[in-house]
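The structure appears below as structure tokens.
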Amino acid sequence: DSRTGGMGARGDRGARVFRKKVCRFCGERTSHVDYKDVEKISKFLTEKGKVIPRRISGNCAKHQRVLARAVKLCRHSGLVAFQVE
């Protein structure tokens, strides 16, 4: 195409090919996320203490809901801080 300089309809030169992220909990065949396992839960938290969204973490919707519930329980138990300053 002469208008886009031979790049294609969207104008991107090298289209990125994304690899599908796999849910860690489905891969381990785990249905239960233990709220007492702070190391595992802290992998899904940012440095400020927010839960990482599923589009970034790669979790399925079911396990993201279970994870969010486990994080809340972990916070109320005092194992993880609500907010890090």
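Limited to region 53-85, what total is found for residues that are of a type in the set (Val, Ile, Thr) and modelled with pLDDT under 90?
Residues meeting the conditions: 2.
Condition first: surrounded by fewer than 16 Cβ atoms within 10 Å (Cβ to Cβ) and on the phi < 0 side of the Ramachandran plot. Now tell me which residues in region 33-50 satisfy that.
Scanning region 33-50 gives Asp34, Lys36, Asp37, Val38, Glu39, Ser42, Lys43, Thr46, Glu47, Lys48, Lys50.
For Ser31, work out the one condition from (1) in contact with a helix residue (DSSP H, G or I) (Cβ under 8 Å, 6 or more places away or on another chain); (2) modelled with pLDDT of 85 or more it doesn't fulfil.
(2)
Can you find a residue that is exposed (fewer than 10 other Cβ atoms within 10 Å of the Cβ) and either touching a Phe, Trp or Tyr at 6+ places or on another chain (Cβ under 8 Å) or closer than 20 Å to Glu85 by Cα (or both) anywhere in region 17-26?
Within region 17-26, none of the residues are exposed (fewer than 10 other Cβ atoms within 10 Å of the Cβ) and either touching a Phe, Trp or Tyr at 6+ places or on another chain (Cβ under 8 Å) or closer than 20 Å to Glu85 by Cα (or both).
The values are calculated or read from the model by the stated rules, or taken from the named source; none is laboratory data. The model shown is predicted, which means the values in this text are computed figures rather than measured ones. Cβ: placed from backbone, ideal geometry, glycine included. Neighbour counts: every protein chain shown.
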